[in-house]
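One structure is given here, and the rest of the page talks about it.
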Protein chains: 2
Amino acid sequence: MRWLKFTADRTTSWGLIEGDRVITIDGDPFGEWHRTSRTHLLGDVKIELPLVPRTFYCVGLNYVKHLKEAADKRGEVPEIPSRPEIGYRAQNALIAHDEEVIIPTIASEKIHYEGELVVVIGKKAKHLDRQEAMSCVFGYTIGNDVSERTWQKADRGLWRAKNTDTFKPMGPWIETSADLGTMETVVRLNGKESNRFRTNDMIFGITDYIVEMSRYFTLWPGDVIWMGTDGSSPDIKAGDTVEIEITGIGTLRNKFVAEAVPA
Amino acid sequence: MRWLKFTADRTTSWGLIEGDRVITIDGDPFGEWHRTSRTHLLGDVKIELPLVPRTFYCVGLNYVKHLKEAADKRGEVPEIPSRPEIGYRAQNALIAHDEEVIIPTIASEKIHYEGELVVVIGKKAKHLDRQEAMSCVFGYTIGNDVSERTWQKADRGLWRAKNTDTFKPMGPWIETSADLGTMETVVRLNGKESNRFRTNDMIFGITDYIVEMSRYFTLWPGDVIWMGTDGSSPDIKAGDTVEIEITGIGTLRNKFVAEAVPA
């Protein structure tokens, strides 16, 4: 099933995508819901952010090539993580598919994309073992972990480098069934492929993370885990459009624009 | 005004504390609200977590003594931050006043408290200057930034050291007026004072943080900023009770207990 949060006729609802149509749902996928007779053409609705997570988890270093390229740039030997350690991103930065990433006037030209698989949690869960781990997963969406690399280098944490308003596009929808083994992530800059990697080629997989996280944390419906990225990004400039396609899920597309200078 | 989230007669509501009574409010303090005729004795209600913030901000290093003591323990020279840099905590870890902090079976004995002033945002705001900064503040509450120091030392980030379930007590209520200049934070371990500092003796104050954060982030109603702590903590063990009192706000009290071993 493919769950979409959308606005049509000035009303925001959950819907199910079937072919080129959206079936309006009463309720939400994490609780009670039922189909209605109200439908729209997918092309006619405004696609909204699927959700604002209660806790916004994100893996920092989870693909070997990305680690090596980042270490090379710093003239260092890459250090491969020996266990799954989770990080966080901030809710203020989230935007929907087709909304604009705004490059602040105070940012440098070192704006990069990171195409990521996003796991959406569907059930309250703690202390899951490897057999149970995937049972709390509701589905998958796509994230673009936009980063300002000069801030990332200068700061004690990732606060503005990763969490500036609009730096976390997520969507376009949540797909509940996905074949992790055959997934590819393809990134296109202005329509031209700039990056491609096997989505599940992670240092630690989804099961590893859920088992380790749930030793300490209660996972809640609507929590998201961004699973990290492979490869690197050219510098993005105002006017560029980044598309991230993941097999079986869809394509997240966002245009980058310059911040309007306050009058 | 003193805003309390509470449960009585199986219903959770916002209320206003007046003397020893709670006036039940219809609505919430960030939107439309009005007083009702339903009141309870404060001692008769269950005090709830005031809110789950949309984004959960926290200052890491904001008091000189805390920095020096931490650096001493590492045999290092303390590095005083030269600008206000914000960090984050995770929503899963929040608990209310009088709820129990659960020490996991897999934790070490290095469990510490950190008594902190918590700023509660009341208005959507961005790009605030020094004159406007405090206008987005709704009020103040109290936080205990419980930490497991061996995890803090071993890990790449603060994920389990600071964000394990129940490690973020917050409350008991939100006080809208406070005299920052005369505030003191007093911490008591099992009723005996263990720490005391001038709450506003921060390296960077609330205005500094709001100005800097709002250059990059939209602040939302219900966001919280934990302002950091001074001094250090003894090791807390199961059975201990920690009280954090801040002048003009109140006292946040939580007992620490050992995690039940699963059967």
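The values are calculated or read from the model by the stated rules, or taken from the named source; none is laboratory data. Not measured: the values here are computed from a predicted model. Cβ sites come from the backbone with ideal geometry, for glycine too, and all protein chains shown count toward neighbours.
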Report the residue count in the range A:203-233 for those that are within 13 Å of another protein chain (Cβ to nearest Cβ), over 17 Å from B:I106 (Cα atoms) and of a type in the set (S, T, Y).
1
So, in the range A:70-91, of the ones that are touching a residue at least 60 places away in the same chain (Cβ under 8 Å) and among the aliphatic types (A, V, I, L, M), which residue ends up farthest from B:W220 (Cα to Cα)?
A:I80
For strands (runs of 3 or more DSSP E) lying entirely in the range A:1-56, having 3 or more residues that are under 16 Å from A:H97 (Cα atoms) and either in contact with a Pro (Cβ under 6 Å, 6 or more places away or on another chain) or in contact (Cβ under 8 Å) with a residue 60 or more places away in the chain (or both) picks out A:2-8
In this structure, does A:A71 turn out to be surrounded by 16 or more Cβ atoms within 10 Å (Cβ to Cβ), farther than 22 Å from A:M183 by Cβ, assigned by TED's automatic domain parsing to the domain that holds A:R160 and of a type in the set (G, A, S)?
no
Restricting attention to the range B:111-146, the residues that are over 14 Å from B:I225 (Cβ atoms), of a type in the set (S, T, Y) and buried (at least 21 other Cβ atoms within 10 Å of the Cβ) number exactly 1
Note down all Cβ pairs under 7 Å where the first residue falls in the range B:122-143 and is among the aromatic types (F, W, Y), the second is assigned to a loop (DSSP other than H, G, I, E, B), and they're at least six residues apart or on different chains.
B:F138/B:P29; B:F138/B:G122; B:F138/B:T176; B:Y140/B:A178; B:Y140/B:I249
Return the residues of the range B:103-121 that are within 14 Å of chain A (Cβ to nearest Cβ) and either among the charged types (D, E, K, R) or in contact (Cβ under 8 Å) with a residue 24 or more places away in the chain (or both); say none if nothing qualifies.
B:I103, B:P104, B:T105, B:A107, B:S108, B:I111, B:I121
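Looking only at the range B:36-88, count how many residues are of a type in the set (K, R), within 12 Å of chain A (Cβ to nearest Cβ) and over 19 Å from B:G205 (Cα atoms).
Initially, the range B:36-88 is screened for residues of a type in the set (K, R), giving B:38, B:46, B:54, B:65, B:68, B:73-74, B:83.
Now narrow it down to the ones that are within 12 Å of chain A (Cβ to nearest Cβ): B:54, B:83.
Restricting the remaining residues to those that are over 19 Å from B:G205 (Cα atoms) gives B:54.
So the answer is 1.
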Residue in the range B:178-202 that is farthest from the other protein chains (Cβ to nearest Cβ), counting only those that are modelled with pLDDT of 95 or more and closer than 22 Å to B:L49 by Cβ:
B:R188
Only one of B:A260, B:A161, B:A154 is among the small types (G, A, S), closer than 30 Å to A:W151 by Cβ and touching a strand residue (DSSP E or B) at 6+ places or on another chain (Cβ under 9 Å). Can you tell me which?
B:A161
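A quick yes/no check of all residues on (1) out of contact with any helix residue (DSSP H, G or I) (no Cβ under 8 Å at 6 or more places or on another chain); (2) part of a strand (DSSP E or B); (3) among the β-branched types (V, I, T); (4) not assigned by TED's automatic domain parsing to the domain that holds A:N62:
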| site | (1), (2), (3), (4) |
| --- | --- |
| A:Q152 | no, no, no, no |
| A:K162 | no, no, no, no |
| A:T166 | no, no, yes, no |
| A:P169 | yes, yes, no, no |
| A:W173 | yes, yes, no, no |
| A:S177 | yes, no, no, no |
| A:V186 | yes, yes, yes, no |
| A:R196 | yes, yes, no, no |
Given (1) more than 11 Å from every other protein chain (Cβ to nearest Cβ); (2) touching a residue at least 60 places away in the same chain (Cβ under 8 Å); (3) surrounded by 18 or more Cβ atoms within 10 Å (Cβ to Cβ), A:D240 misses just (2)
Based on this model, can you work out whether A:S37 counts as over 24 Å from the mean Cα position of the chain (by Cα), more than 22 Å from A:L117 (Cα to Cα), of a type in the set (S, T, N, Q) and outside the structural domain of A:N163 (by TED's automatic domain parsing)?
yes
